[in-house]
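Enquirer: Structure below; questions to follow.
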Amino acid sequence: MKPRVIHMLVISFPFWRRALIVAWLGLWLGMIAPAQAEAPTPIPGGFTLAVLPDTQIYTWKHPDTYPAQTKWIADNVQRYNIPYVLHVGDITQHNTNHQWEIAARAHALLDAKVPCAITTGNHDLGPEGKAATRETAFAKFFPLAAFQKWPTFGGIYDQEADRTDNSFHRFEAGGRKWLILALEFGPRDDVLRWANEVVARHPDRSVILVTHAYLRPDNMRFNRHAFIKVKDLKVDMGMDRYGLSKAAGGYNDGEDVWQKLVSQHANFALVVSGHVCYTGRLDSAGKHGNNVHQMVVDYQNGKDGGQGYLRLLQFHPEGRKVSVVDYSPLLDEVSDKKGTTYEFTIAPPPAAAGKP
Ligand SMILES: [Zn+2]
């Protein structure tokens, strides 16, 4: 019905009847309108990875936002063909049981629906989440047994049976085999040794790395001397300022991780990180010439800690094109932040092992 026709119908009745008709029309339109009109259109024949950026402010101040994100993902697993969820870390703000419980409850909505590769950020480590040490309640709330329920789960760092923030996962989608590595905040040297071994064992899989602090919004990888402009101030975001950087085993920043791990393997394709708002991206060639797309996404400095924006990586069925879009199920809006909607080309699948 055209608005003019509706208007003419409405004005031909007395006021109370008009009010009734307007109310009824409003109810009817509300019922037939799709609940999430602004959600990106699923790509037929493709698949989608859902990325949860830093949820730290939600577990601290807006506890309803996190489950709204995971519920939307769970409800849309089929519609978007979502084989995996990635969480970039900074799950909590203060590494407290209360905040971990909120996170665990949000992730329970994904149980039996879709697996999640999730790891720690600086705020998930040490007393009050200040990353003075690597002590964390992560494994208490995201235990090995929960990961092991998924046949896609590969294993954890081989030297620490009591931690789950270094893990790997295997799945197939879009006609190729994938390996996801989830690595702790500022991964230690020996964790990178293990990660290199895991990747070397899977030469036929395209590799995705999920780690908290890797790329900066100025499209540079983190290093020890990272000064970033935040609200007109130059702030040192380098990792040396965290207490854990002095601990045994040390740490590796984004540039180190690139040099020691990502650039070393012909089958590396994608790096997804968080930690700093809002977004950035970088394509770099590894030493075997393979292009690796690297990205950062984080909404924590936005209104209400990010208003539930999550990132959808929509892989097209032709196998190379990926559409990136950030969507908030809470607002039913696509992000208007600069650089958050774009397309990239992912490296082709690696030649199968053993082939000439
Ligand atoms: Zn962080």
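A short reminder: the numbers here are calculations on the coordinates, not readings from a lab. Since this is a predicted model, take the numbers as computed values, not measurements. Virtual Cβ from ideal backbone geometry, glycine too; neighbours counted across all protein chains shown.
Enquirer: For helix 97-108, report the angle its Cα long axis makes with the longest principal axis of the Cα atoms of the chain; keep it between 0 and 90° and round to the nearest 10°.
Expert: 70
Enquirer: Please list, by residue number, everything in region 127-166 whose backbone N is under 13 Å from a paramagnetic label point 7 Å out along Cα→Cβ of K246.
Expert: Output list for this probe position: 132-133.
Enquirer: Can you tell me the order of 66-75, 107-116, 281-290, 262-271 when each peptide is scored by its average per-residue count of other Cβ atoms within 10 angstrom, highest first? Don't skip to the end; give the middle numbers.
Expert: Details: 66-75: 20.6, 107-116: 17.6, 281-290: 14.4, 262-271: 22.2.
Answer by packing, highest mean first, reads 262-271, 66-75, 107-116, 281-290.
Enquirer: Just to confirm the number: angle between the C-alpha axis of helix 189-200 and the first principal axis of the chain, 0 to 90 degrees, nearest 10?
Expert: 80
Enquirer: In addition: Past the 22 Å Cα-Cα mark, which pairs from K113/K177; K61/K149; K140/K303; K246/K287?
Expert: On the way: K113/K177 20 Å; K61/K149 31 Å; K140/K303 30 Å; K246/K287 30 Å.
Long pairs (Cα-Cα over 22 Å): K61/K149; K140/K303; K246/K287.
Enquirer: Answer rounded, prolate or oblate for region 43-345, using the Cα gyration tensor with square roots of eigenvalues a ≥ b ≥ c: rounded when a/c is under 1.5, else prolate when a/b is larger than b/c, else oblate.
Expert: Details: a/c = 1.16, a/b = 1.05, b/c = 1.11.
Here region 43-345 falls in the rounded category.
Enquirer: Moving on. Relative to the longest principal axis of the chain, what angle (0 to 90°, nearest 10) does the C-alpha long axis of helix 15-32 take?
Expert: Helix 15-32 sits at roughly 30 degrees to that axis.
Enquirer: For the chain, calculate the relative contact order in percent as a whole number, restricting contacts to Cα pairs under 8 Å that are 6 or more residues apart.
Expert: Values: 790 pairs, mean separation 63.4, N = 356.
Once divided by the residue count of the chain, the mean separation gives 18 percent.
Enquirer: According to a simple spin-label model (label point 7 Å from Cα along Cα-to-Cβ), what is the distance in nm between Q264 and D236?
Expert: That separation, rounded to one decimal, is 2.9 nm.
Enquirer: I've got another one for you. Given R₀ = 45 Å, FRET efficiency for E255-K149 by Cβ-Cβ distance, to 0.05? Can you show the working numbers first?
Expert: Numbers: r = 36 Å, r/R0 = 0.80.
Efficiency computed from Cβ-Cβ geometry: 0.80.
Enquirer: For E128 and Q78 in the same chain, what is the full-extension length gain: residue separation times 0.36 nm, less their Cα-Cα distance, in nm? Before the final figure, lay out the partial values.
Expert: Details: separation 50, 0.36 × 50 = 18.00 nm, distance 3.83 nm.
Fully extending the segment from E128 to Q78 adds 14.2 nm.
Enquirer: Could I ask something else about it? Just want to confirm a number: the relative contact order over region 228-317, from Cα pairs under 8 angstrom separated by 6+ residues, in percent.
Expert: On the way: 100 pairs, mean separation 17.1, N = 90.
The normalised contact order for region 228-317 reaches 19 percent.
Enquirer: Place a label point 7 angstrom from the Cα of N223 along the Cα-to-Cβ direction, then list the residues of region 258-282 whose backbone nitrogen is under 18 Å away.
Expert: 258-264, 281-282
Enquirer: In terms of Cα to Cα distance under 17 Å, which aspartates and glutamates are near enough to K231, apart from those fewer than 8 places away along the same chain?
Expert: In chain and number order, the partners are D218, D298.
Enquirer: Explain nothing, just the number: relative contact order of region 31-147, from Cα pairs under 8 Å at least 6 residues apart, as a whole percent. Could the numbers behind the result be given before it?
Expert: Numbers: 193 pairs, mean separation 29.5, N = 117.
Relative contact order here is 25 percent.
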